[in-house]
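A.B. asks: Structure provided below as structure tokens; questions to follow.
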Amino acid sequence: MNLTLKIWRQKGPQDKGQMVEYKVTDISEHMSFLEMMDVLNEQLVAKDEVPIAFDHDCREGICGMCSLHINGEPHGPDRGITTCQLHMRTFKDGDTIYIEPWRAKAFPVIKDLIVDRMAFERIQQAGGYISVNTSGNTQDANAIPISKHNADLSMDAAACIGCGACVASCKNSSAMLFVSAKVSQFALLPQGKVEAADRVRNMVKQMDEEGFGNCTNTGACEVECPKGISLENIARMNREYLKASII
Amino acid sequence: MSGFLSSSIARKVAMALSALFLIFFLIIHLAVNLTSLFSEEAFNQASHFMGTNPLIQFALQPILIFGVVFHFVMGFVLELKNRASRNVNYVKYNGAASASWMSRNMAISGGVILAFIVIHFLDFWIPELNTKYVVGDMSGYIEGTTNYRYYEELQHKFASPVKVGIYVVAFVLLALHLMHGFQSAFQSIGFNNKYTSCVKSLGKWYSILIPLGFIIIALFHHFNH
């Protein structure tokens, strides 16, 4: 496959940045998108040009590091996948592909396609945990009765890998799908209920302080989420927040 | 409390509650207007009751005005904040791939509805206030007669094809606004459960039938004038 790539290049956080066009040739349709980027970078290095900086780590859809806004969508046109799971067979020979970083005020660009997602970490630190005694005499988790239904919902919420596709896809750059998944995974379990009120209040407060937009229920986040996190989590977070703030 | 209302979730819940109130109001408004299709007398009686009952005039009407103003002001504030949350836009953004036009353009449909409400107030509400509270004529009669003026006024307002056209376009935008807004209001207040598919179906029917009812009324009086 021969492709034209229009890629965002930005030297650093203060640089203005711009789209730069590249041509890549002989790309195998079996390559992952990131492998195609590797090929491009090898070509750039061979020409003594600065390679394109992009995030990646596990390359098997679990770590949440690979980002990339591809042809107007986070992780490209396929559903339920991260960019490392996107294959070049999704595209056609001769295609022009736009590759941009996540765009949100709360996710400033560090370099090229890499953005700073520490805002998510700070939200997690504000309450995305349970305070348990880990001194060696921790109670066996199986000793606490939990309904299968709630255990499944909690596990579904916990599938969130914190990649930020929800923010990237949302027209408001809202982080509510991410925050609601983290709130839900604990709120649904007995261990998480103890600190549920403080957790949701503090995480929402931190989310607002980071400068994410407000949710208008477009549902784009749910469609673009590589892990299929449901909008039901946002409704649950709204309920948890109202309960914590009013009652 | 001010801290609570400054949070993103509290604001969206406030938007949803004002929306649900306005959704309920539209049913009442349409019910009164529909009488004009079947009976001149029924419409006159209903209009006179709504226009002179002290509870409706001095308690419910101010609440309604507050609801309308609050919904628009809060919607405007949230739109500005949401736009500011993305300081650099995408060169290519395929919003249609993951969300409906209605959900992505609530500010546009809302803005058209706001413009319509201004026209609607100038058409009906302001002259009504003038007649009742400035001129001081609470009789509801056509001047010099003992016949009610409401039906006559209604037909007169829909005589102009341009006016009817504006009304029809506004109601189409209202339908688009409601198609997303109805189910969105329930999601915002945390109502997402086994009944959600019913709420979505109800929302679709509501968002088509209510504006359609208003369109039929406008066209009926235009062609029967």
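The values are calculated or read from the model by the stated rules, or taken from the named source; none is laboratory data. Computed from a predicted model, the values in this text were never measured in an experiment. Glycine also receives a Cβ, built like all others from the backbone with ideal geometry; neighbour counts cover every protein chain displayed. Calculation scope for accessible area: heavy atoms of the full protein, side chains included, ligands and nucleic acids excluded. Shrake-Rupley method; radii C 1.70, N 1.55, O 1.52, S 1.80 Å.
A.B. asks: Quick one: dipole size for the protein assembly as shown, taken about the Cα centre, charges +1 on Lys/Arg Cβ and -1 on Asp/Glu Cβ, in debye to the nearest 20.
C.D. replies: Its charge dipole is roughly 580 debye.
A.B. asks: Related question: Based on alpha-carbon atoms only, what is the radius of gyration of the range A:3-111 relative to the globular estimate 2.2 N^0.38 Å?
C.D. replies: 1.03
A.B. asks: Which value in Å is the Kirkwood Rh of the protein assembly as shown over different Cα pairs?
C.D. replies: 25.5 Å
A.B. asks: Now, a different point. What's the magnitude of the charge dipole for the range A:3-111 around its Cα centre, counting Lys and Arg as +1 and Asp and Glu as -1 at the beta-carbon? Answer in Debye, nearest 20.
C.D. replies: Dipole about the Cα centre, nearest 20: 500 debye.
A.B. asks: With a 1.4 Å probe and all protein chains left in place, how much accessible area per residue does the protein assembly as shown have, in Å²?
C.D. replies: Value returned for the protein assembly as shown: 49 Å² of accessible area per residue.
A.B. asks: Only protein chains counted, 1.4 angstrom probe. Which residues of the range B:85-99 are at least 20 Å² less accessible in the assembly than when their chain is isolated?
C.D. replies: Residues shielded by partner chains are B:S85, B:R86, B:N87, B:V88, B:Y90, B:V91, B:K92, B:Y93, B:N94, B:A97, B:S98, B:A99.
A.B. asks: Still on this structure: Hey, could you pull the Cα Rg and Dmax for chain A, both in Å?
C.D. replies: That works out to 20.1, 64 Å for Rg and Dmax.
A.B. asks: Here is a further query. Suppose we compare each residue of the range B:4-24 in its chain alone and in the full protein complex with a 1.4 Å probe; which ones drop by at least 40 Å² of accessible area?
C.D. replies: Listed by number, the residues meeting the 40 Å² cut-off are B:F4, B:S8, B:I9, B:K12.
A.B. asks: On to the next question. Order B:Y195, B:Y133, most accessible first, counting only protein heavy atoms with a 1.4 angstrom probe.
C.D. replies: In descending accessible area the options line up as B:Y195, B:Y133.
A.B. asks: Moving to a separate point now. Working with all protein chains in place, sort A:K23, B:K194 by solvent-accessible area computed with a 1.4 Å probe, largest first.
C.D. replies: B:K194, A:K23
A.B. asks: Which links in A:K16/A:K171; A:K6/B:K12; B:K163/B:K204; A:K193/B:K200; A:K243/B:K92; A:K6/B:K204 stretch past 32 Å when you go from one Cα to the other?
C.D. replies: From the list (A:K16/A:K171; A:K6/B:K12; B:K163/B:K204; A:K193/B:K200; A:K243/B:K92; A:K6/B:K204), the Cα-Cα distance tops 32 Å for A:K6/B:K12; A:K243/B:K92; A:K6/B:K204.
A.B. asks: Going from most exposed to least, what order do B:V112, B:V164 have by accessible area with a 1.4 Å probe?
C.D. replies: Highest to lowest solvent-accessible surface, that is B:V112, B:V164.
A.B. asks: Got a number for the accessible area of B:F24? Probe 1.4 Å, square angstrom, nearest 10.
C.D. replies: B:F24 has an accessible surface of roughly 120 Å² with all protein chains in place.
A.B. asks: Now for a different question. For chain A, find the longest principal axis of its Cα atoms and tell me its angle to the long axis of helix A:232-246, 0 to 90°, nearest 10.
C.D. replies: The angle comes out at about 50 degrees.
A.B. asks: Also, I was wondering about something else. How big is the A-B contact in terms of buried accessible area, both chains counted, 1.4 Å probe, rounded to the nearest 100 Å²?
C.D. replies: 3400 Å²
A.B. asks: Give me the percent of DSSP beta bridges within the range A:3-111 that run antiparallel, rounded to the nearest 5.
C.D. replies: Antiparallel bridges make up about 75 percent of those DSSP assigns within the range A:3-111.
A.B. asks: What relative contact order, as a whole-number percentage, does chain B give when Cα pairs under 8 Å and 6 or more residues apart are counted?
C.D. replies: Contact order relative to length: 31 percent.
A.B. asks: Something else: Where Rh is the Kirkwood radius over the Cα pairs of the range B:1-93, the temperature 25 °C and the viscosity 0.890 mPa s, what D in µm²/s does Stokes-Einstein return?
C.D. replies: Translational D for this selection: 151 µm²/s.
A.B. asks: Only helical DSSP H runs with n ≥ 4 go in: add -39500 (n - 2.57) per run for chain A, normalise by residue count and round the 222 nm mean residue ellipticity to 500 deg cm²/dmol.
C.D. replies: -10500 deg cm²/dmol
A.B. asks: With +1 on each Lys and Arg Cβ and -1 on each Asp and Glu Cβ, and nothing else charged, work out how big the dipole of chain A is about its Cα centre, in Debye to the nearest 20.
C.D. replies: Its charge dipole is roughly 840 debye.
A.B. asks: So what's the angle, to the nearest 10 degrees on a 0 to 90 scale, between helix B:8-38 and the longest Cα principal axis of chain B?
C.D. replies: The answer is roughly 30 degrees.
A.B. asks: So what's the back-of-envelope 222 nm ellipticity for chain B, counting only DSSP H runs of four-plus at -39500 (n - 2.57) apiece and dividing by all residues, rounded to 500?
C.D. replies: -23500 deg cm²/dmol
A.B. asks: Counting only protein heavy atoms and a 1.4 Å probe, tell me what percentage of the range B:72-150's accessible area is made up of carbon and sulfur.
C.D. replies: Percent of accessible area from carbon and sulfur atoms in the range B:72-150: 66.
A.B. asks: To the nearest 10 square angstrom, how much accessible area does B:L122 have with a 1.4 angstrom probe?
C.D. replies: Counting only protein heavy atoms, the figure is 120 Å².
A.B. asks: Can you send over the carbon and sulfur percentage of the accessible area for the range A:3-111, probe radius 1.4 Å, protein chains only?
C.D. replies: 48 percent
A.B. asks: Got a number for the accessible area of A:Y129? Probe 1.4 Å, square angstrom, nearest 10.
C.D. replies: For A:Y129, solvent-accessible area is about 100 Å².
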